[in-house]
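The values are calculated or read from the model by the stated rules, or taken from the named source; none is laboratory data. Since we're looking at a predicted model, the values are computed, not measured. As a convention, Cβ positions derive from the backbone with ideal geometry for all residues, glycine included, and neighbour counts pool all protein chains shown. With ligands, DNA and RNA removed, areas are computed over all heavy atoms of the protein, side chains included. Shrake-Rupley method; radii C 1.70, N 1.55, O 1.52, S 1.80 Å.
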Amino acid sequence: MASLRNGNPYVWPSWITKIITGEESCQWKTWFKSHHTYDKAPSDFDQADWVTRHTTLLRSRADELRDEGYQVFVEDQNSFRIEGNNGAVISGKPDIVAIRGQDICIVDCKTGKEKPSDKIQVLIYMLLLPLSEAYKEKFRGAQIRGEIQYQHYRAGILTEQVNDEFRTVFRNAMNMAAMTNPPHKVPSFGECKYCDITAK
């Protein structure tokens, strides 16, 4: 059973990344999640296995960064919450924030295959963390870069990639999630098969 959220529309970064890249077409799903709470559909996804592999990858990269002289913060230590001008709230927590002087690296760890949305998620963190009250002072004047740590390699993301074009794309995605009226549903076998919303 779905019910309206209390308060403003609420967005988790991973809900909009695939919409931005075109990996998913159904904006309705993102809109629905932003406006409702609901019981998720059953899934055969092995959550315990994913958590174990993700935690191992995260800890390994965090230890490497500490050995390189970074001060390392992980997961819940990196939580942020920002309310936009359109009333929508976006909240998230990068896997790793590593700080060494004016060099700040935001890392997200991925155990699956590389996808364009992985990069978008880190770009969102790079855009928003410096705007959050908890990080404004810490990030002031810093050179912020991003990184995606996969199982056997990592991909870097440059500061310059958080540009006006990306800000516009991100703002459009947030405005879609904040709309009062839902966008049209775009049903397809692939997306609907793995959708966890039961009240369709």
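Miscellaneous remarks
- Count of residues meeting criterion [surrounded by 15 or more Cβ atoms within 10 Å (Cβ to Cβ) and in a helix (DSSP H, G or I)] in region 170-200: 7
- Verdict on L128 being open to solvent by less than 20 Å² (accessible area, probe 1.4 Å) and not aromatic (F, W, Y): yes
- Residue within region 103-118 that is over 20 Å from E23 (Cβ atoms), open to solvent by 20 Å² or more (accessible area, probe 1.4 Å), modelled with pLDDT under 95 and not aliphatic (A, V, I, L, M) present: no
Condition check ((1) more than 14 Å from the chain's Cα centre (by Cα); (2) without any contact (Cβ under 8 Å) to a residue 40 or more places away in the chain; (3) at positive phi; (4) assigned to a strand (DSSP E or B)) across all residues:
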| position | (1), (2), (3), (4) |
| --- | --- |
| I106 | no, no, no, yes |
| T111 | yes, no, no, no |
| E114 | yes, no, no, no |
| I120 | no, no, no, no |
| I124 | no, no, no, no |
| L129 | no, no, no, no |
| R145 | yes, no, no, yes |
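- The strands (runs of 3 or more DSSP E) falling completely within region 18-98 that include 1 or more residues that are without any contact (Cβ under 8 Å) to a residue 24 or more places away in the chain and open to solvent by less than 80 Å² (accessible area, probe 1.4 Å) map to 71-74.
- Flag if E147 is among the charged types (D, E, K, R) and surrounded by 14 or more Cβ atoms within 10 Å (Cβ to Cβ): yes
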